[in-house]
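Have a look at the structure below before the remarks.
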């Protein structure tokens, strides 16, 4: 096996590992509220989400093409390939991609450890940007599109990141207010029961939408690696085997469930009821599907969190834990730069070995060591399907009260 093919294999396997972490990191986006309101049992919820993520991954490739074409400049202005990336058989680009993936996975596992619903998407883009800047300088990143086209990191990543959670919050707040206004005369028992059935449908739609957006990001990375080594040349399509492998990886991660983050979103932000959950999930699905159709690589975590906050704002008398929300927003703000820093440091570490297989092996060792240590630390206070719905600490200290308004 040639050195180039070996490094390509490492990139593909590491990309699928990221896809797996994306799955368990983002299960909460679709199922946290349904689990919190007991519309679905925890294990049933993650199994349903996994199947629909698998299906959703095949519905579009717009986001995958954004990752392939809108982040790293692999061509000069005249259309010729960049010699510093592709002139050595693509090895340099492969190492950039591998270093970026290390940055993304390390940040994903770290935020999962602390139960913080940060963005897997921004971790991926941050890692890629950091590794690219380390290798090529700031000019190696496609920051903006050409002419009037909304493209590049600013148009396809940063602007949607700022707008999508705000839009989701407003939509969920209005939807929640309308739901409680329309059902004002319905008793709590019947209202909760009816909307729990509705939540199954809305949560399923979020899972389907998540597959159309997040699974494709890994497809884009693997396709870019194949382009770098000459195994693929069509920048407007994705190989079928890449679609299948990425869909399976994110579905498996989803099924295992990121219980720590499910607990934070389901219990930590808002003491949520079934009508609020359905409104939040419906808002999330709408925003994610529209963004996927437009090719915007948004953070489904940002959208889901904005929707849950909106469901709290829209319900009169509901309590929103703004301190928890503030910790989440802090994680959002530092995800891109922190994942970028890990990606850049990983690339520099590999560069010290002169590149090639030795550099790639070092990057993988760094990743396995960091992930292993964090997983071992998580065993000290495990969270799983048996305790994901336990009372949030603030609730345990607060006297019981009737939540119904």
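The values are calculated or read from the model by the stated rules, or taken from the named source; none is laboratory data. Given the structure is predicted, the values throughout are model-derived calculations rather than measurements. Every residue, glycine as well, gets a Cβ built from its backbone with ideal geometry; the counts of neighbours run over all protein chains shown.
A few points about this structure:
- Selection status of residue 104, farther than 21 Å from residue 216 by Cβ, modelled with pLDDT of 90 or more and in contact with a helix residue (DSSP H, G or I) (Cβ under 6 Å, 6 or more places away or on another chain): no
- When the stretch 202-247 is filtered for residues that are in a helix (DSSP H, G or I) and without any contact (Cβ under 8 Å) to a residue 24 or more places away in the chain, the ones remaining, listed by number, are 240, 241, 242, 244.
- Exactly one residue out of 324, 320 is over 28 Å from residue 90 (Cβ atoms), within 23 Å of the chain's Cα centre (by Cα) and modelled with pLDDT under 90: that is 324.
- Qualifying residue in the stretch 58-68 (condition: surrounded by 23 or more Cβ atoms within 10 Å (Cβ to Cβ) and either modelled with pLDDT of 80 or more or within 30 Å of residue 275 (Cα to Cα) (or both)): no
- Residue match in the stretch 287-303 (condition: under 13 Å from residue 169 (Cα atoms), touching a strand residue (DSSP E or B) at 6+ places or on another chain (Cβ under 9 Å) and part of a helix (DSSP H, G or I)): no
- Members of the stretch 121-166 found to be closer than 20 Å to residue 287 by Cα and modelled with pLDDT of 90 or more, listed by number: none
- Looking only at residues in the stretch 362-375 that are in contact (Cβ under 8 Å) with a residue 24 or more places away in the chain and over 22 Å from residue 141 (Cα atoms), the one that is surrounded by the most Cβ atoms within 10 Å (Cβ to Cβ) is 367.
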